[in-house]
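The values are calculated or read from the model by the stated rules, or taken from the named source; none is laboratory data. Here the structure is a predicted model, which is why all the values come from computation and not from measurement. No Cβ is skipped: glycine too gets one built from the backbone with ideal geometry, and neighbour counts run over all protein chains shown.
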């Protein structure tokens, strides 16, 4: 993988990046997928689950080499990288592997029809890129027997094997199916959990947890005869 990245960097140095189309402004997703993508990315940034820097986003092109077309995962996560300060510059508008120095660690696809080839072409592309974990979420079971499948690269970083659980070892993350409400919609949602299995909270959930913690502390102070708002 290191030699491949070095070759890509050399190729990129001699390539006119202005030729690359980083976005085409075409609407490509449905409401359910768009809302779930937002949910998954939001919880990664709203909860304090890791000290490692990371970049996570939805519907952003991943370019493996200057002359190769991008693949656009519904959600991706890349650890130990940061977004460039000048993020409007052409070289920083997408996830160029030769710029970040590594492929994403996690790619996730949400199946909404049978046309995406998530279990075929995309699986092979992510494996060739060196994406460690590939997740297929198929809520209608259009292309697979199970709603959720997590794949992990084998020890030789050549092909995926299907995990028997929804954990992503080394990432501090797992996945779970959750019944609840997000943005006014009650449904079954795909959610992140930490390595201990605790759900990563949304911003609203985190705020509620903090309020509950403050209420408990106030009650303990009152039990000791101390009014918490006294100065």
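If we keep just the residues of the stretch 75-87 that are free of Cβ contacts under 8 Å to residues at least 60 places away in the same chain and closer than 23 Å to residue 29 by Cβ, which is surrounded by the fewest Cβ atoms within 10 Å (Cβ to Cβ)?
Filtering the stretch 75-87 down to residues free of Cβ contacts under 8 Å to residues at least 60 places away in the same chain leaves 75-76, 78, 80-87.
Still in the list and also closer than 23 Å to residue 29 by Cβ: 75-76, 78, 83, 87.
Values: 75: 26, 76: 25, 78: 23, 83: 12, 87: 9.
Looking at the filtered set, the residue picked out is 87.
When you go through 65, 91 one by one, which is the residue that is closer than 20 Å to residue 153 by Cβ, over 18 Å from the mean Cα position of the chain (by Cα) and assigned by TED's automatic domain parsing to the domain that holds residue 160?
65
Take residue 158 and decide whether it is at pLDDT below 95, over 30 Å from residue 31 (Cβ atoms) and assigned by TED's automatic domain parsing to the domain that holds residue 42. Before you say what the answer is, go through the steps one by one.
On the way: at pLDDT below 95: yes; over 30 Å from residue 31 (Cβ atoms): yes; assigned by TED's automatic domain parsing to the domain that holds residue 42: yes.
Considered against the rule, which asks whether it is at pLDDT below 95, over 30 Å from residue 31 (Cβ atoms) and assigned by TED's automatic domain parsing to the domain that holds residue 42, residue 158 comes out as yes.
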